[in-house]
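Contents: one structure, followed by commentary.
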Amino acid sequence: MKTAAHERLAGVGEKVTKTVRFSRHDIANFARMSLDDNPLHRDVQLAQRARFGEIIASGQQSAAVLMGVLATHFTRCDDGVARQMLCLNMNFAFKRPLFADQDIQLEWTVAGVEWSTKLQGIVAHLDGRAGVEHASPAVVARGTILLTLAGAEEPLSVAHPGDRLPVERDHSIA
């Protein structure tokens with residue numbers, strides 16, 4: 001059942017912003033951890049001879065920090081409302097590269113909210129972006145999240161008992 005506290009979970013026009021900076025080391029480490037072996041993320045000499053002329057962050061790194069900022073904001077309880085958040089859908093378009101040692105502005109704006117009786121929470125639609133100040137965005141994002149009150153009777157899940165989840169198998173030869 002929708003309550004007054006649910007109304008405070010997210011509001012149209014609400015903004016989430018953060019500035020981050022990736023060093024070359026940060027970019028190389030993220031690429032290694034995410035199994036992205038593209039030398040444009042770690043080989044300075046090769047990157048300088050390539051299209052962008054410098055080490056670039058991977059698209060998944062910019063997407064990860066955008067999602068992280070969103071999760072941090074929508075799981076806070078500093079306003080007296082304890083929230084839980086679940087990503088339902090995220091889409092990213094990579095328009096231009098993000099380079100090391102730049103201040104990168106991350107921003108999400110709540111574009112719409114609706115109550116879901118089935119999910120017992122607020123479904124929020126968001127528009128996001130990442131890029132350097134005073135330039136067109138390097139990354140454009142759209143997302144849909146589910147927000148519920150922490151400690152609600154129903155667990156935060158869209159899976160149902162008996163749902164089959166994919167099993168990852170290692171097919172490599174040792």
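The values are calculated or read from the model by the stated rules, or taken from the named source; none is laboratory data. Since this is a predicted model, take the numbers as computed values, not measurements. Cβ placement follows ideal geometry from the backbone for every residue including glycine, while neighbour counts extend to all protein chains displayed. SASA here: full protein model, heavy atoms, side chains in, ligands and nucleic acids out. Shrake-Rupley method; radii C 1.70, N 1.55, O 1.52, S 1.80 Å.
Worth pointing out:
Residues are listed down the side, and each one gets a yes or a no for (1) under 21 Å from V20 (Cα atoms); (2) open to solvent by 40 Å² or more (accessible area, probe 1.4 Å); (3) not acidic (D, E):
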| position | (1), (2), (3) |
| --- | --- |
| I56 | yes, no, yes |
| M67 | yes, yes, yes |
| R76 | yes, yes, yes |
| A82 | no, yes, yes |
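- Beta carbons closer than 6 Å, at least 6 apart along the sequence or on distinct chains, pair a first residue in segment 1-30 that is under 21 Å from L66 (Cβ atoms) and among the aliphatic types (A, V, I, L, M) with a second that is open to solvent by less than 50 Å² (accessible area, probe 1.4 Å) and assigned to a loop (DSSP other than H, G, I, E, B) for I27/I55; I27/A57; I27/A100.
- Residue ID - least open to solvent (accessible area, probe 1.4 Å), chosen from residues in segment 30-54 that are of a type in the set (A, V, I, L, M, F, W, C) and modelled with pLDDT of 90 or more: A31
- Pairs are defined by a Cβ separation below 6 Å, a sequence spacing of at least 6 or placement on different chains, a first member in segment 39-51 that is within 15 Å of S23 (Cα to Cα), and a second member that is hydroxyl-bearing (S, T, Y); the pairs so defined are H41/S58.
- Those residues of segment 116-150 which are open to solvent by 30 Å² or more (accessible area, probe 1.4 Å) and within 15 Å of R83 (Cβ to Cβ), in sequence order: L119, Q120, L149, A150
- Single condition T72 does not satisfy, out of (1) of a type in the set (V, I, T); (2) open to solvent by 50 Å² or more (accessible area, probe 1.4 Å); (3) touching a residue at least 60 places away in the same chain (Cβ under 8 Å): (3)
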